[in-house]
Amino acid sequence: MRLVSFALLTALLAFGQPALAEQAIVNGVVIDWFGNYTSVEKAVEDSDISTGKRYRGSNIVPPKTNSDEIKPNSKTTFGFGFTLTGSPPKADVTLRQVYKYPSPGMPIGTTGQFKPSDEVTSAFKFGGGSTVGYNIGSDTSDWPTGTWTIQLWSGRKLLAEKNFTVSQP
């Protein structure tokens, strides 16, 4: 009986468990380009973001020339494109994007309150072609001018940071 139980336990351990997924290891980020870019934007409601919505971009066209000087208008989207390195090569990894705003921060709707930063998590694949950025939207009058910072984090590891100087047009 013990032999049968041991054989059954061994079979369950060997064959009854799904293969464990290989853990993705993030090595780093290389910023490929930065500045104003164009894309097709789709709004996503998000009550955790100071503006109440975030945007998913597609068909991204990088800037012809890199620039960290941003003069917002109703169609301004700025940020950076990057290559994410790590293994295994086609793994999905979740990165935290942190957007830091100059004082007094980003207005929170019509509350009269301000938020110094926003955070979003998104899945990315290793390799090139990824983008993080900020869509200014239609009304630029309440947006803080000064240094805006976009950071990419993997856990507690800062992978990339880029500062942009936003000024009124």
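Computed values, structure above
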quantity	calculated
Pairs with Cβ under 8 Å, 6+ apart, first in the stretch 94-111 and in contact (Cβ under 8 Å) with a residue 60 or more places away in the chain, second part of a loop (DSSP other than H, G, I, E, B) and not polar (S, T, N, Q)	Pro102/Pro144
Scope the stretch 101-129; condition under 14 Å from the mean Cα position of the chain (by Cα) and either buried (at least 17 other Cβ atoms within 10 Å of the Cβ) or closer than 18 Å to Thr165 by Cα (or both); matching residues	Ser117, Asp118, Phe124, Phe126
Options Val98, Val132; residue that is in a strand (DSSP E or B), among the aliphatic types (A, V, I, L, M) and surrounded by fewer than 18 Cβ atoms within 10 Å (Cβ to Cβ)	Val98
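Yes or no, residue by residue, for (1) among the aromatic types (Phe, Trp, Tyr); (2) part of a strand (DSSP E or B); (3) in contact (Cβ under 8 Å) with a residue 40 or more places away in the chain:
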position: Phe34; (1), (2), (3): yes, yes, yes
position: Glu41; (1), (2), (3): no, yes, yes
position: Val44; (1), (2), (3): no, yes, no
position: Ile49; (1), (2), (3): no, no, yes
position: Asn59; (1), (2), (3): no, yes, no
position: Pro63; (1), (2), (3): no, no, no
position: Asn66; (1), (2), (3): no, no, no
position: Thr85; (1), (2), (3): no, yes, yes
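Each value in this text was obtained by applying a stated rule to the coordinates, not by laboratory testing. Every value quoted in this text rests on a predicted model; they were computed, and no experiment measured them. For neighbour counting, all protein chains shown are included, and Cβ atoms are generated from backbone atoms with ideal geometry for every residue, glycine included.
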